[in-house]
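K.L.:
Can you keep this structure in mind? I'll have questions shortly.
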Amino acid sequence: MTEEKISSESEYSVYDKEAFLGRIGRNETLAQKILLKFIDDVPKRMETIRGAMEKRDIEEIRMQAHTIKGSSRNIGAERLGYHAECLEKSSASGDFVLMEGFVAAIQNGFEEFKSVALP
């Protein structure tokens, strides 16, 4: 799965601002508000995921990854959404080593997104 992940990851943009603006009627003010809420929300969800990893709570991991996936893709953070989708899908396997790798990828992807999306 690692080779597939690496080759697939590059297909997704870090931030597709044009797609995001298109979804919200090109309203830059609204875009900024949504981005700031997203940037505030993801670290809280990541903390919940880390706690769920410690407790081996697969359903909580899946649910949080699903939420990050959806919100990421809605705002044009395609690569971050891809990593969250990988975590969501891998949660079914119960392989915590694999999931830990995707948790790290989400964290790195989130930092990368912030560096590109924030003015």
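The values are calculated or read from the model by the stated rules, or taken from the named source; none is laboratory data. Owing to the predicted nature of the structure, the values given are computational and were not obtained by experimental measurement. Don't worry about glycine lacking a Cβ; one is built from the backbone with ideal geometry, like all the others, and counts go over all protein chains shown.
K.L.:
Among the residues of region 65-111, write down those that are over 11 Å from the mean Cα position of the chain (by Cα) and not hydrophobic (A, V, I, L, M, F, W, C).
P.N.:
Answer for region 65-111, where residues must be over 11 Å from the mean Cα position of the chain (by Cα) and not hydrophobic (A, V, I, L, M, F, W, C): Lys89, Ser90, Ser91, Ser93, Gly94, Asp95, Glu100, Gly101.
K.L.:
Here's something else I'd like to know. Test Ser115 against the criterion of being assigned to a helix (DSSP H, G or I), in contact with a Leu (Cβ under 9 Å, 6 or more places away or on another chain) and among the small types (Gly, Ala, Ser), and give yes or no.
P.N.:
On the way: assigned to a helix (DSSP H, G or I): yes; in contact with a Leu (Cβ under 9 Å, 6 or more places away or on another chain): no; among the small types (Gly, Ala, Ser): yes.
Against the criterion (assigned to a helix (DSSP H, G or I), in contact with a Leu (Cβ under 9 Å, 6 or more places away or on another chain) and among the small types (Gly, Ala, Ser)), Ser115 does not qualify.
K.L.:
List pairs: first residue in region 83-109 and small (Gly, Ala, Ser), second residue not in a helix (DSSP H, G or I) anywhere in the structure, Cβ distance under 9 angstrom, at least six positions apart or on different chains.
P.N.:
Ser90/Met1; Gly94/Arg56; Gly109/Val14; Gly109/Ala77
K.L.:
Is it the case that region 38-52 has a residue that's among the charged types (D, E, K, R) and within 17 Å of Ser90 (Cβ to Cβ)? Write out each step before concluding.
P.N.:
Quick first cut of region 38-52, residues among the charged types (D, E, K, R) only: 40-41, 44-45, 47, 50.
Among the residues that remain, those that are also within 17 Å of Ser90 (Cβ to Cβ) are: 45, 50.
Yes, some residue in region 38-52 is among the charged types (D, E, K, R) and within 17 Å of Ser90 (Cβ to Cβ).
K.L.:
Among the residues of region 3-22, which ones are part of a helix (DSSP H, G or I), in contact with a helix residue (DSSP H, G or I) (Cβ under 8 Å, 6 or more places away or on another chain) and at pLDDT below 95?
P.N.:
Answer for region 3-22, where residues must be part of a helix (DSSP H, G or I), in contact with a helix residue (DSSP H, G or I) (Cβ under 8 Å, 6 or more places away or on another chain) and at pLDDT below 95: Lys5, Ser8, Glu9.
K.L.:
Residues of region 91-117 being of a type in the set (Ser, Thr, Tyr) and buried (at least 23 other Cβ atoms within 10 Å of the Cβ), which ones? Write out each step before concluding.
P.N.:
Of all residues in region 91-117, those of a type in the set (Ser, Thr, Tyr) come to 91, 93, 115.
Passing the criteria: only Ser91.
K.L.:
Continuing with this model, one more query. For region 25-42, name all the residues that are in a helix (DSSP H, G or I) and either in contact (Cβ under 8 Å) with a residue 60 or more places away in the chain or among the small types (Gly, Ala, Ser) (or both). Walk me through how you get there before you give the answer.
P.N.:
In the first step, residues of region 25-42 are kept if they are in a helix (DSSP H, G or I); the result is 28-42.
Across region 25-42, the qualifying residues are Ala31, Leu35, Ile39, Val42.
K.L.:
Please tell me if Leu87 is within 21 Å of Arg23 (Cβ to Cβ) and either surrounded by fewer than 23 Cβ atoms within 10 Å (Cβ to Cβ) or not acidic (Asp, Glu) (or both). Give the steps one after another, and end with the answer.
P.N.:
Working: within 21 Å of Arg23 (Cβ to Cβ): no; either surrounded by fewer than 23 Cβ atoms within 10 Å (Cβ to Cβ) or not acidic (Asp, Glu) (or both): yes.
Judged against the criteria, Leu87 is not a match.
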